[in-house]
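Step one of this worksheet: look at the structure below.
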Amino acid sequence: MRLFVIILLISQSVFAQKYFTRTGSTGFKASVKAFEPVQALNKSTSAIITNDGRMAAQLFISAFKFRLALMQEHFNENFMDSAEFPKATFRGKVQDINLSELKDSKEVIIKGTLTIRGIKKEIETKGTISKIGDKVSLVSELVVLPSDFNIKIPGLLRRKIARKVTIDLNYEFTEKK
């Protein structure tokens, strides 16, 4: 019986291995040529990934930094309603990965649920996951439509903002001990 309990405890600690970051970088681009670039960067995304690829990420919308303060204000107040919907989240899985067996880098598929403005959308995208020492790096790009998250672009600005928004993820996880 003792042997069973010891094996159970060891197996739980092995399978529960997690990596996390609080300084993940999430950026987006919604620029249209010939107009002011519409892009921002959030360097405070919190994310966690387990050995088997289960992943969760959260960021505060108001932490996106724009080149122009007025653009940042419009983004938070008029488009994202960040006072009412302060966070965006992702819950999903990096497919076919075992971080304890990863040696270098691997192209992966990421599937899950992206929640923006309280609206959930199933997504699937490609990415690259790498492991160097006790650090895991995840780089990915996905494309979303503002309309999928009930983000309304006023007619006056419709020509200046891309119909498809590109979101770039660059997370460096450290082992949680």
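Just so it is clear, none of the values below were taken in a lab; they were calculated from the coordinates. All of these numbers come straight from a predicted model, not from anything done at the bench. Cβ sites come from the backbone with ideal geometry, for glycine too, and all protein chains shown count toward neighbours.
Before moving on, here are some points about what is shown:
- Given R0 = 30 Å, the distance between the Cβ atoms of PHE85 and LEU157 translates into a calculated FRET efficiency of 0.90.
- Out-of-range pairs (alpha-carbon distance over 32 Å; input LYS103/LYS164; LYS33/LYS103; LYS87/LYS131; LYS111/LYS135): LYS103/LYS164; LYS33/LYS103
- Cα shape, the chain, gyration tensor, a/c 1.5 rule: prolate
- Taking a straight line from the alpha carbon of LYS126, these aspartates and glutamates sit under 19 Å away, with near neighbours fewer than eight places off in the same chain left out: ASP52, ASP96, ASP104, GLU107, GLU141, ASP168, GLU172.
- The amide H of GLY53, built 1.01 Å from its N in the peptide plane, has LEU99 as neighbours under 5 Å, considering only residues 5 or more places off or on other chains.
- Debye-sum result for segment 100-172 in log10 I(q)/I(0), which assumes one identical scatterer on each alpha carbon, at q = 0.15, 0.17, 0.27, 0.28 Å⁻¹: -0.64, -0.75, -1.22, -1.27
- In order through segment 123-139: 3J(HN,Hα) via Karplus (6.51 cos²θ - 1.76 cosθ + 1.60), integer Hz, x for Gly, Pro: 10, 9, 8, 9, x, 10, 10, 10, 9, 10, x, 9, 10, 10, 10, 10, 10
- Between 0 and 90 degrees, the angle of helix 2-15 with respect to the longest Cα principal axis of the chain falls at about 30 degrees.
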